[in-house]
1. Do you know the relative contact order of the range B:325-437, to the nearest whole percent, from alpha carbon pairs under 8 angstrom that are 6+ apart?
2. Taking a 24 Å limit on the Cα-Cα distance, which of the listed pairs B:K85/B:K226; B:K12/B:K190; A:K75/B:K243 fall beyond it?
3. Once the piece of chain linking B:K368 and B:V273 is laid out straight, how much longer is it, given 0.36 nm per residue of separation minus the C-alpha distance between them?
4. Could you pull out every residue, at least 5 positions away or on a different chain, whose amide H is within less than 5 Å of the one on B:I242? Hs are placed 1.01 Å off N in the peptide plane, and Pro or chain starts have none.
5. How shielded is B:155-161 by partner chains, expressed as the average number of their Cβ atoms within 10 Å of its Cβ atoms?
6. Rg (Å, one decimal) plus Dmax (Å, integer) for the alpha carbons of the protein assembly as shown?
7. Which three lengths, in whole Å and largest first, does the range B:220-353 cover when its Cα atoms are put on their principal axes?
8. Compute, for the range B:446-502, the length of the dipole vector about the Cα centre, with Cβ point charges of +1 (Lys, Arg) and -1 (Asp, Glu) only. Units Debye, rounded to 20.
Amino acid sequence: MSIDTETARRVAKLARIKVEDDALPALAQEFSAILGFIEQLNEVDVDGVEPMTSVTPQRLKRREDVVTDGDQQPKVLANAPDSREGFFAVPKVVE
Amino acid sequence: MLDLTYDAPAPKTIAGATSDWELVIGLEVHAQVATKAKLFSGASTLFGAEPNSNVAFVDAGMPGMLPVINEGCVEQAVRTGLGLKAEINLNSAFDRKNYFYPDLPQGYQISQLYHPIVGEGEVLVEMGDGTARVVRIERIHLEQDAGKSIHDMDPHMSFVDLNRTGVALMEIVSRPDIRGPEEAAAYVGKLRQIMRYLGTCDGNMQNGNLRADVNVSVCKPGDYEKYQETQDFSHLGTRCEIKNMNSMRFIQMAIEVEARRQIALIEDGQEVVQETRLYDPDKNETRSMRSKEEAHDYRYFPDPDLLPLEIEQAWVEDIAASLPELPDAKKSRFMADFGLSDYDASVLTAEAENAAYFEAVAEGRDGKLAANWVINELFGRLKKDDDKGITDSPVTADQLGGIIALIKSGDISGKIAKDLFEIVYTEGGDPAQIVEERGMKQVTDTGAIETALDEIIAANPAQVEKAKVNPKLAGWFVGQVMKATGGKANPAIVNQLIQGKLGL
């Protein structure tokens, strides 16, 4: 599978990554190379093999339903470019 | 237990210019999971807190923060699945749904696209007119809620509150088995009732704890049956999804107006475009959400921060064993054990608290009489009293049971019982004691009633003559005796005596 520059442009836009037009062909080529490698992996017969989700067997870690966090409004807002009355203030998003 | 079997309701039909059209509706209901903490963080889920105070760094999408799943949320999802008679998947997994919006700081929502925790189930949706629809559930998955954006506090800025960010939602996805606006509302109502019984979602629609996306399409009569036979969606029309509705009334209005829009388009020779729309209740119309169209490529992939979620069958069985009696079972038991009508049983089982109250009143007493008193007198009185709920009732089940016992034993008449109820409601106290102290007991002493009647007959010879000619006028004497005895005479005995004395 090969990725053209239009697809590369679209993927960049979906990921909100700014890519200049002249950089798109190289990016598309890199994508194609990665997908080529994945296609190669697809040739391996994994019928009946459980997908491996972890290198060491382990169970998903869980927490109890207890409130242990929060109450740190100033810290949460500390890195925000703009905040007002306890809210993050962002350029208007109109639906 | 009674077997509740119903006929299916007729689908809603809208007459178009060229033909009749039928509605096909599927719902995605987002129910906030009732837990103390969020799905992947230890921040509180409490509604109405100071903005951004219920936020952990995980919720704020800070770099390096890792999600740890809240087992309480998993348990609630399993409990809900069991309540909807659904298959529980012992292995499920979380995926990332990627999109950018200010109230989603991670840049993705953690959801379960490929392996949801709950599979197929079903819900019986009664329409209250003796018909009911079995709506198939396709799946329930766990996912994170987004934050809240406020657009009207400043002309140039939107304000973002992340308190809701990361709160656990159950998305309950139905098959397109719903055939009209009323059915859609009844379906949401039934889900809400079941989840409130289970304690898995408080169902508060005003706070946004229960919201629905509604998929609507229209088809010609006969097409839907072809779909049901084959499960082939090509028999159905193109659907539009109306997003994020949190009112039963708006759900119904939006479905109706969206169906009419689609019919007008098709009859005009145009095509319905599959898209996301927004309902505007002020204008009663749906609008395309074009801004979201491009973002629809969500590029789902398994979340690398989270291992698959494996749960044990034994744990599921423990949860199943702790399930309360659910609405359908309770309703049919009330009908069978207490001889209640379908309607009365529905009213009494609408909320688990009401049902428990009724059972305490009816226990060992006349079930139908108890149902009448709870529904007509108590609910009516509570409604007048600032729309109080049963848990705020000043009359306990014991007290109301006492009143009913006094009626049943013949100690008080139905009319006096209403006065007694009002006294107990406003002043409290033991009903039997009140009756005793205030001399409210029904007079069953024939001698006393006879004396009163004799005086009335003696004082009204003209009425006696009239009643002899027209026996219907005997009622006047009943009224007079009641008046003379302060309403306490036993009506059956009064009638009997009048018949005898007047020779009717």
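1. Relative contact order here is 20 percent.
2. Working: B:K85/B:K226 26 Å; B:K12/B:K190 19 Å; A:K75/B:K243 33 Å.
B:K85/B:K226; A:K75/B:K243, as the Cα separations exceed 24 Å there.
3. Working: separation 95, 0.36 × 95 = 34.20 nm, distance 5.38 nm.
Between B:K368 and B:V273, full extension yields an extra 28.8 nm.
4. Those lying under 5 Å, H to H, from B:I242 are B:V214, B:N215, B:V216, B:R277.
5. That works out to 6 on average.
6. Gyration radius and largest Cα-Cα distance of the protein assembly as shown: 32.5, 117 Å.
7. The principal-axis extents, from largest down, are 57, 49, 38 Å.
8. On the way: 6 positive and 4 negative charges, 41 e Å.
Taking the Cα centre of the range B:446-502 as origin, the dipole is about 200 debye.
The values are calculated or read from the model by the stated rules, or taken from the named source; none is laboratory data. Here the structure is a predicted model, which means the values were calculated and not measured. In this analysis, Cβ positions are derived from the backbone assuming ideal geometry, glycine residues included, and neighbour counts consider all displayed protein chains. Heads up: the accessible areas ignore ligands, DNA and RNA and are worked out on the full protein's heavy atoms, side chains in. Shrake-Rupley method; radii C 1.70, N 1.55, O 1.52, S 1.80 Å.
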